[in-house]
Amino acid sequence: MKERLDIIKSELPYSAPFLFVDELVAISNTGAKGIYTFKEDEYFYKGHFKGNPITPGVILIECMAQIGVVCFGIYLIQESFLENKLKDQIAAQKTLGPIKIALASSQIDFYLPVLPGERVEVISEKEYFRFGKLKCKVKMMNAKGELVCKGTISGMIAK
Amino acid sequence: MTQDDIYTQLKDIIKIYLPEDVSVDKITLESHLINELNINSSHLVDVVLDVEDAFDIEIKDQELEEMDTVKTAIAIIEKKLNN
């Protein structure tokens, strides 16, 4: 399973400084879980905020989307191939080449700030995966186990 | 259920997903869901999921691809209901 999780991570279409996944820790047909530690020297701390570095909310959403929707989506697409059901034919057709994805919508509420050096865990639960669209309930917890933010994010396999 | 009944119900679903700059009056039988009504591909999935619930039918991937106008959507729903 560890190997499988590493393969999924290697399929991600991101790289530094815009990769916000350190490790996937669990994945199944119903959800995914992963972690990321915001480095002290992430590029955005220089400007957000001046002299008061706090991780931008949009970056927290990006981190949640990369772990909770993109990694999870790659897994679900791989599963549909493996099971040879090809139930989601749109997904199957469109992912024969490099994966092309797009954020479809996000609605997130924020509760706590994330400071440089903090480790977060993202937990995602599937609402549905149909017609190439994956909609998930996603939450982010800090190292103390406190809720940082939560909401829904959906992504599409792009044409 | 007549075609008119399907049309009325479908219109009620579509209007939820219309962008603010497209008025409900723009929905006609000939309207192209994406090009004319400006529904994006993500909301098109939402429309179809709502259609499945409202009419208690299951739409296949291939059928979603065929659903380009209001008219073809009605035809697909009608076919499913008669099966």
Worksheet entry | With 10 Å bins from 0: P(r) over the stretch B:8-73, alpha-carbon pairs, percent | 21, 62, 16, 0
Practice prompt. Determine the dipole magnitude for chain B: charges of +1 sit on the beta-carbon of Lys and Arg, -1 on that of Asp and Glu, nothing else is charged, the reference point is the Cα centre, and the result goes in debye to the nearest 20.
Written response: 160 debye
Practice prompt. Report the charge-dipole magnitude of the protein assembly as shown in Debye, nearest 20, computed about the Cα centre from +1 at each Lys and Arg Cβ and -1 at each Asp and Glu Cβ.
Written response: 740 debye
Worksheet item: To the nearest 10 square angstrom, how much accessible area does B:Leu33 have with a 1.4 angstrom probe?
Response: 10 Å²
Discussion item. Run the Debye formula on the Cα coordinates of the protein assembly as shown, all scatterers equal and no solvent, and tell me log10 I(q)/I(0) at q = 0.07, 0.12, 0.14, 0.17 1/Å.
Written reply: -0.29, -0.76, -0.94, -1.18
Discussion item. Over chain B, with the other protein chains present, what is the accessible area per residue in square angstrom, probe 1.4 angstrom?
Written reply: 56 Å²
Worksheet item: Near the amide H of A:Ala104, under 5 Å away, which other amide H atoms are found, from residues 5 or more places off or on another chain, if H is placed in the peptide plane?
Response: A:Ser154, A:Gly155, A:Met156
Discussion item. Test of the criteria: in the stretch B:18-83, which trypsin sites (Lys or Arg not before Pro) are in a DSSP loop and have at most 15 other Cβ atoms within 10 angstrom of their Cβ?
Written reply: B:Lys60
Worksheet entry | Cut-off 16 Å (backbone N to label point 7 Å along Cα→Cβ of B:His32), residues of the stretch B:62-83 | B:65-73
Item to complete: Compute the Kirkwood hydrodynamic radius of the stretch A:1-71, taking the inverse of the mean of 1/r over all pairs of distinct Cα atoms, and give it in Å to one decimal.
Response: 13.1 Å
Worksheet item: Once phi is turned into ³J(HN,Hα) by the Karplus curve 6.51 cos²θ - 1.76 cosθ + 1.60 with θ = phi - 60°, what whole-Hz value does each residue of the stretch B:31-42 show in order, with x for glycine and proline?
Response: 4, 7, 4, 8, 6, 9, 8, 6, 7, 7, 5, 5
Fill in: Kirkwood Rh and Cα Rg combined as Rg over Rh, evaluated for the stretch A:103-144
1.06
Practice prompt. Taking a probe of 1.4 Å and counting only protein heavy atoms, give the total accessible area buried between chains B and A in Å², rounded to the nearest 100.
Written response: 1000 Å²
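The values are calculated or read from the model by the stated rules, or taken from the named source; none is laboratory data. Keep in mind the model is a prediction, meaning the values are calculated, not measured. Note: ideal-geometry Cβ built from the backbone for every residue, glycine included; neighbour counts use all protein chains shown. Protein only, heavy atoms only, side chains kept; ligands, DNA and RNA dropped before computing areas. Shrake-Rupley method; radii C 1.70, N 1.55, O 1.52, S 1.80 Å.
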